[in-house]
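The values are calculated or read from the model by the stated rules, or taken from the named source; none is laboratory data. Since the structure is predicted, the reported quantities are computational estimates derived from the model, not experimental observations. Here the Cβ positions follow ideal geometry from the backbone for every residue, glycine too, while neighbour counts run over all protein chains shown. Ligands, DNA and RNA are excluded from the accessible area calculation, which covers all protein heavy atoms including side chains. Shrake-Rupley method; radii C 1.70, N 1.55, O 1.52, S 1.80 Å.
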Amino acid sequence: MRQKIAHIALVVNDYDEAIQFYTKKLNFKLVEDTKLSEEKRWVVIAPPGARESSLVLAKADTEKQSLSIGNQTGGRVFLFLFTDDFQRDYTAMLEKGVKFVRKPKKEPYGTVAVFEDLYGNLWDLLEPSDSTHGNPENQNNH
């Protein structure tokens, strides 16, 4: 049996502003943008080279959903963006105005810094070390 997480829903305030942020500042690709109704669209974005999973931008349509925009995990890091070149992506993101809330740090599992998306969700930018594949749990298994 093989399973995978294909999509992760990210609650947003506005489709177009979210597409703009992710494609222009983070260099994500717009995979699909299909109108489902006057209010709803199926919007899928993914980082360059992504094969296993992508984000579905889900526009909040209730007050409860709106309250979770930017805080889907109660203030913890929400998503982990792996890179094959930390310095390249970190520099490019800084130049495009992405706000980093924790400076780059070398950890046993790789080089990591924390940034905010346009709504304040926290992300790790992470270049994993070869031995751990970016998973801190693996550092004791080698």
Problem - Selection from segment 62-94 of residues that are of a type in the set (Lys, Arg) and over 15 Å from the mean Cα position of the chain (by Cα) - result: Lys64, Arg88
Problem - Tally, over segment 105-125, of residues that are farther than 18 Å from Gly75 by Cα and open to solvent by 60 Å² or more (accessible area, probe 1.4 Å) - result: 3
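A quick yes/no check of all residues on (1) hydroxyl-bearing (Ser, Thr, Tyr); (2) open to solvent by less than 50 Å² (accessible area, probe 1.4 Å):
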{"position": "Val11", "(1), (2)": "no, yes"}
{"position": "Ser37", "(1), (2)": "yes, yes"}
{"position": "Lys59", "(1), (2)": "no, no"}
{"position": "Thr62", "(1), (2)": "yes, no"}
{"position": "Ile69", "(1), (2)": "no, yes"}
{"position": "Val77", "(1), (2)": "no, yes"}
{"position": "Phe80", "(1), (2)": "no, no"}
Fill in the blank from the handout: Going through segment 21-31 in order, the residues found to be surrounded by 13 or more Cβ atoms within 10 Å (Cβ to Cβ) and on the phi < 0 side of the Ramachandran plot are Phe21, Tyr22, Thr23, Lys25, Leu26, Phe28, Lys29, Leu30, Val31
Problem - Failed item, numbered, when Leu118 is tested on (1) of a type outside the set (Val, Ile, Thr); (2) out of contact with any helix residue (DSSP H, G or I) (no Cβ under 8 Å at 6 or more places or on another chain); (3) outside any strand (DSSP E or B); (4) at pLDDT 95 or above - result: (2)
